[in-house]
1. Trypsin sites (Lys or Arg not before Pro) within region 67-131: which are DSSP loop residues with at most 11 other Cβ atoms inside 10 Å?
2. Describe numerically, in nm with one decimal, the distance between label points set 7 Å from Cα along Cα→Cβ at Asp171 and at Asp9.
3. Decide, for region 1-60, between rounded, prolate and oblate: order the square roots of the alpha carbon gyration tensor eigenvalues as a ≥ b ≥ c, take rounded if a/c falls under 1.5, and otherwise choose prolate if a/b is larger than b/c, else oblate.
4. As an exercise, use a Förster radius of 35 Å and the Cβ-Cβ distance of Arg215 and Glu130 to find the FRET efficiency, rounded to the nearest 0.05.
5. Using a 7 Å offset from Cα along Cα-Cβ at Cys69, what residues in region 24-56 end up with backbone N under 18 Å from the label point?
6. With a/c under 1.5 counting as rounded, go ahead and sort region 192-233 into rounded, prolate or oblate using the C-alpha gyration tensor (a ≥ b ≥ c being the square roots of the eigenvalues; past the cut-off, prolate if a/b is larger than b/c, else oblate).
7. How would region 2-147 be classified by its alpha-carbon gyration tensor: rounded, prolate or oblate, with rounded meaning a/c under 1.5 and the a/b versus b/c comparison settling the rest?
8. Sorting Glu192, Glu100, Glu2 on the 10 Å Cβ count, fewest up front, what's the list?
Amino acid sequence: MEELIAAWDGESVSVHRDRETDTWMFICVHSTKLGSAAGGTRMKHYPRPTDALADGMRLSEAMSLKFACVDFPHGGGKAVIALPTPEIPQGAERRRLLREYGAFINSLGGLYSCAPDMNTSAVDMDVIAEVSPYVFCKTEAAGGSGDTAPDTAVGVFHGIRASCLYAFGSDDLSQRTVLVQGAGGVGGRLIELLGTEDVNVIATDIDPHRLAALRDKGIRVVAAEDALRTECDVLAPCATGGIISCAAASSPAPPTISFRFLPMPTSCVNAASPMRRTSSSTQAGCCMGVVSRSSTGRGPSWPPSWPGSAPRSPRYSSALTATASAPTRPRAV
């Protein structure tokens with residue numbers, strides 16, 4: 001754990017252990033250059049506490065970049081509630097754990113404000129708000145903005161259209177094949193949106209009940225372990241992060257394809273990382289990624305000039321390119 005923290009370019013890591021359940025809680029603050037940190041709270045089981053910490057660090061950096069891109073007056077933060085078993089607590093035990101987490105947030109004096117993420121909801125934010133004022137996205141009934149997942153799905157939907165415009169020269173999604181990895185709050189709504197555009201949707205999830213429900217609706221489903229090996233035009237990762245990597249790009253099945261990540265504006269990287277300037281932020285996740293038919297070329301214009309935008313080259317950091325031979329068909333990620 002010491003080496004993990006020492007190698008990180010973020011600002012602080014705060015740790016709390018719930019003695020009653022042996023649940024570890026990590027609040028990772030990547031940057032406060034633009035303001036106090038904010039970000040979601042992820043609740044899940046990890047093999048080791050260090051895995052939970054690494055996830056929180058990666059996600060908090062992503063939040064710094066997201067906020068910086070839109071000049072939002074907050075820095076990146078993320079919290080992880082690392083459960084001792086895969087079973088998600090419910091009822092009174094869940095309520096007690098969330099209130100314990102709220103007290104942990106309070107101990108930081110406003111350094112970080114929480115919001116929903118994987119396995120947490122607007123209702124959970126209402127519970128945390130009973131003991132802490134540092135909460136975003138409470139239910140509308142409690143005066144908050146409500147669940148963020150549907151709006152996130154809309155953003156992903158338009159990101160797919162933008163990726164297709166770049167990769168294929170058209171943002172028309174009709175007859176495209178889109179594989180949605182994860183059919184929860186974001187992925188489930190994304191599947192609905194894609195269904196209105198005459199898209200061939202393939203879905204996958206680790207929850208067999210979700211897969212069965214999707215199959216009953218006539219949606220093609222594949223096993224979770226087959227997601228990155230299933231041919232499609234667009235891959236939409238809507239589950240855990242860290243899916244797109246050099247290892248995934250070099251996977252031997254299907255025939256290797258080249259993953260290319262659109263670069264992040266240098267101004268955003270500078271604002272997000274006050275301690276170290278990075279030339280490529282693949283750990284946090286760049287704006288979007290594409291896979292092209294060429295194994296070595298960079299496709300139509302690099303970096304891309306989106307409609308209504310100024311030329312990007314001087315303002316963008318360099319992109320990571322993981323290329324391989326014999327790609328089959330274009331795929332936007």
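1. Passing sites in region 67-131 do not exist.
2. Distance between label points: 3.1 nm.
3. prolate
4. With a Förster radius of 35 Å, E is 0.30.
5. 30-31, 34, 38-40, by backbone N distance to the label point.
6. Oblate is the answer for region 192-233, as a/c is 1.5 or above yet b/c matches or exceeds a/b.
7. The shape class here is oblate.
8. Glu2, Glu192, Glu100
No lab work stands behind these numbers, since they all come straight from the coordinates. Fair warning: this is a prediction, and the values are worked out from it, not measured in the lab. All Cβ positions, even for glycine, are placed from backbone atoms using ideal geometry, and neighbour counts span all protein chains on display.
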